[in-house]
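The values are calculated or read from the model by the stated rules, or taken from the named source; none is laboratory data. Because the structure is predicted, anything quoted here is derived from the model rather than measured. Note: ideal-geometry Cβ built from the backbone for every residue, glycine included; neighbour counts use all protein chains shown. Ligands, DNA and RNA are stripped out before the accessible areas are found, and what is left, the full protein with its side chains, is counted by its heavy atoms. Shrake-Rupley method; radii C 1.70, N 1.55, O 1.52, S 1.80 Å.
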Amino acid sequence: MLIAVIRFLCWAVLIAWATLAIYYSNLPWAELRMGLAGAFAAFAIWALWLSRQRRTVAFIALFLGVVGWWISISPSHDREWRPEVAVMPRAVVDGDRVRLTGVRNFDYRSRNDFTVRWEEREVSLSHLTALDFYVSYFSEGPVGHTFVSFIFDNAPPLSISIETRPEVGEGFAPVASLFKQFELIYVVGDERDLVGVRTNHRREAVYLYRLNTSADDARRLLLIYLTRINELADRPEFYHLLSNSCTINIVRYANAAGRAGRLDIRHVLNGLVDGYLYRSGRVDTTLPFDELRRRSLINEAAQAADSAPDFSQRIRASLPTIPR
């Protein structure tokens, strides 16, 4: 009985995956994709359970054909991108100096009404002193968006956010992101843009945590980010919610930069990742976690700062401080 249940579940998973892969494939017509997905699911059910003589071999052959088709779908830089992700950043590292192009610094009047502005920035690795961590919630719960800001003692913070690269008319969809629906982009930008659009216009709840990462580890992490930014500019990749997304990649790069620690379920359920940071001692632990979290919510300060030149200083004014 147990073997029969396991076999049924295995077939069901394969059918579900292939049906969704067809539905989210690169065919241009939604009606055709839906029709083919439905036909595949109907044939699979008939072949595995309803036919007098099971057509297991036929199902496996058709399934492998879907897999081959899905593998052949390639990412691209040549699409009609939304303006917020239209430019891929690049970085040139010359000793201590880093020059970045495609740094986003839009002026927002609302979430969809803004003045486009892409900039060049130059920063010095020797002036990188700290690393801050953001958790932003579309709605409060176990899943959110995480990104980091690199802090310099002679320049504004530089934010880098690992995101989907949606086309015009597209919005994020978690299930679709598992099936090659979105390319990947590392948005490099000013905090007035990357943070302000979330707090002031999308009305997301945004928490800012000051990490106790050393300056050397922060520099190593930035160099890893810069390498990945250039790799993506040269070769597009697909975003994947479970393997090539914001928090998963932050943890992956932190490991490469010297972090010690194992994968935690809160790296996937990243709306809970601030609890992980607290319990692993990577943020201020002199306060109870609930108090730290309350004081780390920056929406009120960000809305008061709006687009002020000292936006970054003002959103940090009331944060708990930790020894650097």
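Name the residue that is farthest from Tyr24 (Cα to Cα), counting only residues in segment 131-178 that are touching a Lys or Arg at 6+ places or on another chain (Cβ under 6 Å) and not in a strand (DSSP E or B). Can you show your working first?
First, pick out the residues of segment 131-178 that are touching a Lys or Arg at 6+ places or on another chain (Cβ under 6 Å): 132, 136, 166-168.
Keeping just the survivors that are not in a strand (DSSP E or B) gives 166, 168.
On the way: Pro166: 15, Val168: 17 Å.
Of everything passing the filter in segment 131-178, Val168 is farthest from Tyr24 (Cα to Cα).
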Open item on the list: As an exercise: evaluate Gly144 against (1) of a type in the set (Gly, Ala, Ser); (2) open to solvent by 30 Å² or more (accessible area, probe 1.4 Å); (3) in contact with a strand residue (DSSP E or B) (Cβ under 6 Å, 6 or more places away or on another chain) and give the number of the one condition it does not meet.
Closed with: (2)
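Hey, can you tell me all the residues within segment 114-157 that are β-branched (Val, Ile, Thr) and closer than 28 Å to Val93 by Cα? Let's see the steps before the verdict.
First, pick out the residues of segment 114-157 that are β-branched (Val, Ile, Thr): 115-116, 123, 129, 135, 143, 146, 148, 151.
Across segment 114-157, the qualifying residues are Val116, Val123, Thr129, Thr146, Val148, Ile151.
Within segment 41-63, can one find any residue that is among the aromatic types (Phe, Trp, Tyr) and touching a residue at least 60 places away in the same chain (Cβ under 8 Å)? Before you say what the answer is, go through the steps one by one.
Initial filter on segment 41-63 (among the aromatic types (Phe, Trp, Tyr)): 43, 46, 49, 59, 63.
Then keep just the ones that are touching a residue at least 60 places away in the same chain (Cβ under 8 Å); that gives none.
The answer is no; no qualifying residue exists.
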TODO: Could you please let me know if Ala260 is on the phi < 0 side of the Ramachandran plot and surrounded by fewer than 18 Cβ atoms within 10 Å (Cβ to Cβ)?
DONE: yes
- [ ] Run down Arg99, Arg82, Arg90, Arg111 and say which single residue is modelled with pLDDT under 95 and of a type outside the set (Asp, Glu).
- [x] Arg111
Open item on the list: Filter segment 1-22 down to the residues that are over 18 Å from Thr56 (Cβ atoms) and free of Cβ contacts under 8 Å to residues at least 24 places away in the same chain and list them by number.
Closed with: Met1, Leu2
TODO: For segment 279-294, name all the residues that are in contact with a helix residue (DSSP H, G or I) (Cβ under 9 Å, 6 or more places away or on another chain), assigned to a helix (DSSP H, G or I) and closer than 22 Å to Arg198 by Cβ.
DONE: Leu292, Arg293
Open item on the list: Looking only at segment 214-262, count every residue that is closer than 21 Å to Pro166 by Cβ, charged (D, E, K, R) and within 17 Å of the chain's Cα centre (by Cα) and tell me the total.
Closed with: 3
Task: Arg252, sole failed condition from (1) open to solvent by 40 Å² or more (accessible area, probe 1.4 Å); (2) more than 14 Å from Phe147 (Cα to Cα); (3) part of a helix (DSSP H, G or I) - done: (2)
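Just name the residue that is surrounded by the fewest Cβ atoms within 10 Å (Cβ to Cβ) out of those in segment 210-227 that are part of a loop (DSSP other than H, G, I, E, B) and touching a residue at least 24 places away in the same chain (Cβ under 8 Å). Break it down into steps so the answer makes sense when it comes.
The first filter runs over segment 210-227 and keeps only residues part of a loop (DSSP other than H, G, I, E, B), leaving 211-214.
Imposing the further condition that a residue be touching a residue at least 24 places away in the same chain (Cβ under 8 Å) reduces the set to 211-213.
Numbers: Leu211: 20, Asn212: 16, Thr213: 23.
Restricting to residues being part of a loop (DSSP other than H, G, I, E, B) and touching a residue at least 24 places away in the same chain (Cβ under 8 Å), the top hit is Asn212.
Find the residue count for segment 234-249, including only residues that are in a helix (DSSP H, G or I) and either under 21 Å from Phe150 (Cα atoms) or open to solvent by less than 10 Å² (accessible area, probe 1.4 Å) (or both).
4
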Open item on the list: If I go through segment 300-314 residue by residue, how many of them are in contact (Cβ under 8 Å) with a residue 40 or more places away in the chain, polar (S, T, N, Q) and open to solvent by 20 Å² or more (accessible area, probe 1.4 Å)?
Closed with: 2
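Any residue at all in segment 295-308 that's at pLDDT 90 or above, in a loop (DSSP other than H, G, I, E, B) and among the β-branched types (Val, Ile, Thr)?
Let us first name the residues in segment 295-308 that are at pLDDT 90 or above, namely 295-306, 308.
Right, trim to in a loop (DSSP other than H, G, I, E, B) and you get 298, 306, 308.
Next, from what is left, pick out any that are among the β-branched types (Val, Ile, Thr): 298.
Yes, some residue in segment 295-308 is at pLDDT 90 or above, in a loop (DSSP other than H, G, I, E, B) and among the β-branched types (Val, Ile, Thr).
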Open item on the list: What's the total number of residues in segment 149-163 that are open to solvent by 20 Å² or more (accessible area, probe 1.4 Å) and of a type in the set (S, T, N, Q)?
Closed with: 1
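Taking segment 179-197 as the region of interest, how many residues are assigned to a helix (DSSP H, G or I) and either open to solvent by 10 Å² or more (accessible area, probe 1.4 Å) or at positive phi (or both)? Explain how you work it out, then say what you get.
If we filter segment 179-197 for residues that are assigned to a helix (DSSP H, G or I), which is where we start, we get 191-194, 196-197.
Narrowing the set further to residues that are either open to solvent by 10 Å² or more (accessible area, probe 1.4 Å) or at positive phi (or both) leaves 192.
Total meeting the criteria: 1.
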Task: Those residues of segment 173-208 which are modelled with pLDDT of 95 or more and β-branched (Val, Ile, Thr), in sequence order - done: Ile185, Val187, Val188, Val195, Val197, Thr199, Val206
Open item on the list: I need every pair where a residue in segment 228-248 that is free of Cβ contacts under 8 Å to residues at least 40 places away in the same chain and under 20 Å from Asn270 (Cα atoms) has its Cβ under 9 Å from the Cβ of a residue that is open to solvent by 20 Å² or more (accessible area, probe 1.4 Å) and part of a helix (DSSP H, G or I), sequence separation at least 6 or different chains.
Closed with: Ile248/Val268
